[in-house]
1. Could you list, in sequence order, the residues of segment 86-112 that are among the aliphatic types (A, V, I, L, M) and under 17 Å from L42 (Cα atoms)?
2. Identify all residues within segment 79-119 that are of a type in the set (S, T, Y) and in contact (Cβ under 8 Å) with a residue 40 or more places away in the chain; write none if there are none.
3. List pairs: first in segment 26-37 and over 13 Å from L86 (Cβ atoms), second of a type in the set (S, T, Y), Cβ under 6 Å, 6+ apart or cross-chain?
4. Could you tell me whether L86 is within 16 Å of the ligand (Cβ to nearest atom), out of contact with any helix residue (DSSP H, G or I) (no Cβ under 6 Å at 6 or more places or on another chain) and more than 16 Å from N30 (Cα to Cα)?
5. So, in segment 46-62, of the ones that are without any contact (Cβ under 8 Å) to a residue 40 or more places away in the chain and either over 17 Å from F100 (Cβ atoms) or over 12 Å from the mean Cα position of the chain (by Cα) (or both), which residue ends up surrounded by the fewest Cβ atoms within 10 Å (Cβ to Cβ)?
6. Out of all the residues in segment 1-17, which are of a type outside the set (A, V, I, L, M, F, W, C), more than 16 Å from the ligand (Cβ to nearest atom) and surrounded by fewer than 16 Cβ atoms within 10 Å (Cβ to Cβ)?
7. Look through segment 18-45, keep the residues that are more than 18 Å from the chain's Cα centre (by Cα) and closer than 26 Å to Y122 by Cβ, and return whichever of them is nearest to the ligand (Cβ to nearest atom).
8. For segment 76-115, give me the residue count where each residue is buried (at least 20 other Cβ atoms within 10 Å of the Cβ) and either in a loop (DSSP other than H, G, I, E, B) or in contact with a Gly (Cβ under 9 Å, 6 or more places away or on another chain) (or both).
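The values are calculated or read from the model by the stated rules, or taken from the named source; none is laboratory data. These figures come from a predicted structure and were not determined experimentally. Quick reminder, even Gly has a Cβ in these numbers, built from the backbone with ideal geometry, and neighbours come from all protein chains shown.
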Amino acid sequence: MYELTVRSAFEAAHFIDGYDGKCSRLHGHNWIIEAVVRGEALDNLGMLIDFKIIKAELNKILDEFDHRFLNELGNFSAENPTAENLARQVFQKLAVSEIFSGSTKLYAVKVFESPNSCVTYYE
Ligand SMILES: [Zn+2]
């Protein structure tokens, strides 16, 4: 089994509605997102999936969040833009990409809200 991790980032503001503390106030993060892909079958070059292909797919998804006020996006009309919800949303969008086939699948999405705080979502 091989495991690939691709890291990308975007910047966006949010607040956590109903939170008792500073995070209830509008603030921003430099969000770091990692996509973790697992699979067994390498192509004839010896690659699982080219890193740049995963990164391009991930960036397409992150584009809609970049330099946005996350609470105002339709994605978060029914739930808070927490790192947890963001990780699940990115996972569910990326998992259905046609870059994955056979045993090669998206395994997890990690969202770092800060260098020391990370959520991992997988199914
Ligand atoms: Zn925050």
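1. Selection gives I99, L106.
2. T82, S97, S103, T104, Y107, S114
3. Between residues of segment 26-37 that are over 13 Å from L86 (Cβ atoms) and residues that are of a type in the set (S, T, Y), the close pairs are V36/T5; V36/Y107.
4. No.
5. The extreme case among them is G46.
6. Y2, E3, T5, R7
7. Here the answer is C23.
8. Count: 1.
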